[in-house]
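The structure under discussion appears below in the form of structure tokens.
The values are calculated or read from the model by the stated rules, or taken from the named source; none is laboratory data. These figures come from a predicted structure and were not determined experimentally. Virtual Cβ from ideal backbone geometry, glycine too; neighbours counted across all protein chains shown. Ligands, DNA and RNA are stripped out before the accessible areas are found, and what is left, the full protein with its side chains, is counted by its heavy atoms. Shrake-Rupley method; radii C 1.70, N 1.55, O 1.52, S 1.80 Å.
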Amino acid sequence: MSILVFLEHHGDEVQKGSLGVLGKAATLGDDVSAVLVGGGVRAVAPEAGKYGAKTVYVLEDDSLEPPTPQPRVDVLAKLVQDKGFDTVLFGNSVLAADVAAGLAARLDAGLNWDLVDLTSDFVGKRPALQDSVLVDVGWRSTPRLALFRAGSFDAGKAGGSDPAVEDVSVDLEEHSRGARVVSQEEESSSGPSIEDADVIVAGGRGLGAPENFTLAEELAKALGGAVGATRAVVDAGWYPYSAQIGQTGKVVSPKLYVALGISGAIQHKVGMQSSNVIVAINKDGNAPIFEFCDLGIVGDVHEIVPKLTELVKQRKGS
Amino acid sequence: MSISSRAVKIAVCVKHVPEGHGRIDPGSKRLDRTGEGALNHFDANAVEEALRLKGDSDSEVVVVSLGPEKAADSLRKALAMGADRAVLVSDDAAAGSDLVATSAILAKALERESADIVLFGQQAADADGAVLWAAVAERLRRPVVSQAAELTLNDDSLRVKRQTEFGYDVIEAPLPAVVAVSDAINEPRYPSLKGIMGAKKKPFETLSLGDVGIDAAQAGDAGSKTEVLALGDPPSRGDARKIEDSGNAAQEIVDFLAEKRIL
Ligand SMILES: Cc1cc2nc3c(=O)[nH]c(=O)nc-3n(C[C@H](O)[C@H](O)[C@H](O)COP(=O)(O)OP(=O)(O)OC[C@H]3O[C@@H](n4cnc5c(N)ncnc54)[C@H](O)[C@@H]3O)c2cc1C
Ligand SMILES: Nc1ncnc2c1ncn2[C@@H]1O[C@H](COP(=O)(O)O)[C@@H](O)[C@H]1O
């Protein structure tokens, strides 16, 4: 058994999510390698040794630093073909999901996604149908590809030694050179830090309009908390990215999480599921959020939230 | 946002998904597709985006689906929204196809169309894979961009703004290309009565695997590289309470928070 783990880096930091997967791989077997693609990756490669990689393959090339998936499919396909890896693991991210699926098609290899765990005999654990059922999934052939749900494993150091660092090169496919990143807007995480808040009131598209975020803000103020948001409303420009909670936003675990007009998509859930108490208000009784909240109210945020804010103020005032 | 002056062909991949809560059949270990279904709501965003790109130009919008015969209902809905033509690949031998098999079948169906742009939705509500476009793009050997929150078309390229874990990237790709849109990209229209009536007269093709040039061995269970082994119960959050608001919900929330010693 030989495992390859796709590592992502941002600046000079290897992403925690992919290191978590590497740490998991190291518990499955001894023959564990990792791969890094982009600019400055040779310098960060040794870090992977601490998480269990024996060998780190690097493709050091500034022109591959922008996060497009297809050149990475070329690199991974070549590594699998040349080195005979039978398992390739990915931690979910915007980039990794597209690399994993592209690689599956290139190699005609099975991809199981949204896994939260993998056993040593290669049974993947996948919560499905809004996490209402836990499915055991397997592979019928190698290479086996697995994409883990974001945050499935903590990045704990296995205490390994310096890995061998090997350069790789690849001829890119014509179609892999098509997509080009023309600009990148790094969002600063300045502003009030929601990660440390004890109470978060988060708003989604169910608030109906950007100005209705005042409902969330006033309730948050009354409860002494911060305001969060879903990707849908951030992408639509209703609320800043720094407040986004979920897979591509922040991961929070406050004492109280109040979800207003949020459907509870998996990618949102992974950012707030470890909150102590979750209260949701949604007018659709079938919304997935009702599967994982402690108190679910089927109702209209516009009617309930102003009253709730008033009652909280009264109670705190008394 | 500039709309292209040249007429383009846009294919939109749409899925027919079970309505409400899905259920896995314990026997076959497959998603039960016998009940009521509907157009995957994330795909309505992709159809809407195609219609927006088309505007009142001569561009053509063709909706493509792989699914049971009932998937015709979802394609009709897309036609009622304004798509020009529909293609349904439906074959008993395709049931249970995993990513490898599904992408092979869809790619073959799409090859027949040679569209300038292939659009996907953000995810299938019944599978939450959010991966299919990358596999299809690889088989079509075309550039792919996912999570598009904004899409602009120029004469021979397109431009996407999309969110990543670090902020926003702007990505350009030459046509032909594959794009998966985010659910924040637009507000899908509802079909008008006129649209619903008109949809019945629009071209609708139903194809078998043989028609698109796929061997039964590449499809369905036989063509899949992954399998479902067993079904179990997930860890539960404990005693979740669900209440219909009857005018008293605010008080009930306050009482609950007091009980939890948060207030
Ligand atoms: C790669 C990837 C990464 C992603 N990352 C993230 C992420 O980091 N964070 C994130 O949040 N999402 C993320 N998403 C998007 C996620 O899948 C969902 O699309 C998103 O979370 C939906 O946001 P929403 O709940 O605000 O909107 P919707 O899904 O549209 O839900 C709105 C809800 O409001 C309810 N509603 C409407 N009106 C009212 C009313 N008057 N009163 C009460 N309820 C009402 C509706 O019933 C509905 O359930 C990601 C997706 C992908 C593919
Ligand atoms: N059977 C199908 N037929 C056509 N398009 C599909 C099918 N399944 C998924 N799609 C498309 O692929 C997207 C992502 O699906 P998934 O990767 O399965 O979550 C959906 O939003 C659809 O656009």
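Of everything in the range B:246-255, what is under 39 Å from the mean Cα position of the chain (by Cα) and closer than 13 Å to A:LEU308 by Cβ? Give them in sequence order.
Once the filter is applied, which keeps residues that are under 39 Å from the mean Cα position of the chain (by Cα) and closer than 13 Å to A:LEU308 by Cβ, the range B:246-255 yields B:GLY247, B:ASN248, B:ALA249, B:ALA250, B:GLU252, B:ILE253.
Which ranges mark the strands (runs of 3 or more DSSP E) fully within the range A:98-207 that have 1 or more residues being modelled with pLDDT of 95 or more and of a type in the set (Asp, Glu)?
Here the list reads A:111-115, A:133-139, A:164-167.
Has the range B:213-236 got at least one residue that is basic (Lys, Arg), at the interface with chain A (Cβ under 10 Å from one of its Cβ atoms) and open to solvent by 50 Å² or more (accessible area, probe 1.4 Å)?
Yes, because at least one residue in the range B:213-236 is basic (Lys, Arg), at the interface with chain A (Cβ under 10 Å from one of its Cβ atoms) and open to solvent by 50 Å² or more (accessible area, probe 1.4 Å).
Here are the criteria: (1) crowded, with 19+ Cβ neighbours inside 10 Å; (2) within 16 Å of ligand 1 (Cβ to nearest atom); (3) more than 18 Å from B:VAL12 (Cα to Cα). Tell me which single one B:GLU172 does not satisfy.
(2)
How many of the residues in the range B:109-125 are more than 14 Å from ligand 1 (Cβ to nearest atom), crowded, with 22+ Cβ neighbours inside 10 Å and not small (Gly, Ala, Ser)?
Going through the range B:109-125 one residue at a time, the tally reaches 4.
What residue, of A:VAL135, A:VAL123, is at the interface with chain B (Cβ under 9 Å from one of its Cβ atoms), in contact with a Pro (Cβ under 8 Å, 6 or more places away or on another chain), under 30 Å from B:ILE24 (Cβ atoms) and free of Cβ contacts under 8 Å to residues at least 24 places away in the same chain?
Testing whether each residue is at the interface with chain B (Cβ under 9 Å from one of its Cβ atoms), in contact with a Pro (Cβ under 8 Å, 6 or more places away or on another chain), under 30 Å from B:ILE24 (Cβ atoms) and free of Cβ contacts under 8 Å to residues at least 24 places away in the same chain leaves just A:VAL135.
Does A:ALA150 satisfy being within 12 Å of chain B (Cβ to nearest Cβ), in contact (Cβ under 8 Å) with a residue 12 or more places away in the chain, touching a helix residue (DSSP H, G or I) at 6+ places or on another chain (Cβ under 8 Å) and of a type in the set (A, V, I, L, M, F, W, C)?
For A:ALA150, the condition - within 12 Å of chain B (Cβ to nearest Cβ), in contact (Cβ under 8 Å) with a residue 12 or more places away in the chain, touching a helix residue (DSSP H, G or I) at 6+ places or on another chain (Cβ under 8 Å) and of a type in the set (A, V, I, L, M, F, W, C) - is met.
Just to be sure I understand the filter: pairs with C-beta atoms under 7 Å, separated by 6 or more residues or on different chains, first member in the range A:199-217 and more than 18 Å from A:HIS268 (Cβ to Cβ) and open to solvent by less than 50 Å² (accessible area, probe 1.4 Å), second member at pLDDT 95 or above and near ligand 1 (Cβ under 8 Å from one of its atoms). Which pairs pass?
A:LEU215/A:LEU207; A:LEU215/A:LEU260; A:LEU215/A:VAL301
So B:LYS242 clears everything in (1) modelled with pLDDT of 95 or more; (2) among the charged types (D, E, K, R); (3) touching a helix residue (DSSP H, G or I) at 6+ places or on another chain (Cβ under 8 Å) except one condition, right? Which one?
B:LYS242 satisfies every listed condition except (1).
Regarding the range A:156-173, can at least one residue be identified that is open to solvent by 40 Å² or more (accessible area, probe 1.4 Å) and within 14 Å of chain B (Cβ to nearest Cβ)?
Yes, the range A:156-173 has at least one match.
What number of residues within the range A:78-97 satisfy the criterion of being open to solvent by less than 40 Å² (accessible area, probe 1.4 Å) and under 30 Å from A:GLY246 (Cα atoms)?
Qualifying residue count for the region: 10.
Quick one: count up the residues across the range A:255-276 that are at the interface with another protein chain (Cβ under 10 Å from one of its Cβ atoms) and either buried (at least 24 other Cβ atoms within 10 Å of the Cβ) or within 6 Å of ligand 1 (Cβ to nearest atom) (or both).
Residues meeting the conditions: 4.
Per-residue answers, yes or no, for (1) among the aliphatic types (A, V, I, L, M); (2) open to solvent by less than 20 Å² (accessible area, probe 1.4 Å); (3) under 19 Å from B:LEU88 (Cβ atoms); (4) within 16 Å of ligand 2 (Cβ to nearest atom):
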position: B:SER28; (1), (2), (3), (4): no, no, no, no
position: B:ALA44; (1), (2), (3), (4): yes, yes, yes, yes
position: B:ASP56; (1), (2), (3), (4): no, no, no, no
position: B:SER59; (1), (2), (3), (4): no, yes, no, no
position: B:VAL64; (1), (2), (3), (4): yes, yes, yes, yes
position: B:GLU69; (1), (2), (3), (4): no, no, yes, yes
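Which of the residues that make up the range B:141-166 are more than 7 Å from chain A (Cβ to nearest Cβ) and more than 12 Å from ligand 1 (Cβ to nearest atom)?
Listed by number, the residues that qualify are B:GLU150, B:LEU151, B:THR152, B:LEU153, B:ASN154, B:ASP155, B:ASP156, B:SER157, B:LEU158, B:ARG159, B:VAL160, B:LYS161.
Quickly run through the range A:192-238 and pick out the residues that are among the basic types (Lys, Arg) and within 14 Å of chain B (Cβ to nearest Cβ).
Scanning the range A:192-238 gives A:ARG205, A:ARG231.
Determine whether the range B:122-140 contains at least one residue that is at pLDDT 95 or above, facing chain A (nearest Cβ under 9 Å) and more than 14 Å from ligand 2 (Cβ to nearest atom).
Looking through the range B:122-140, none of the residues is at pLDDT 95 or above, facing chain A (nearest Cβ under 9 Å) and more than 14 Å from ligand 2 (Cβ to nearest atom).
How many residues are touching a His at 6+ places or on another chain (Cβ under 7 Å) and open to solvent by less than 40 Å² (accessible area, probe 1.4 Å) if we restrict to the range A:14-52?
4
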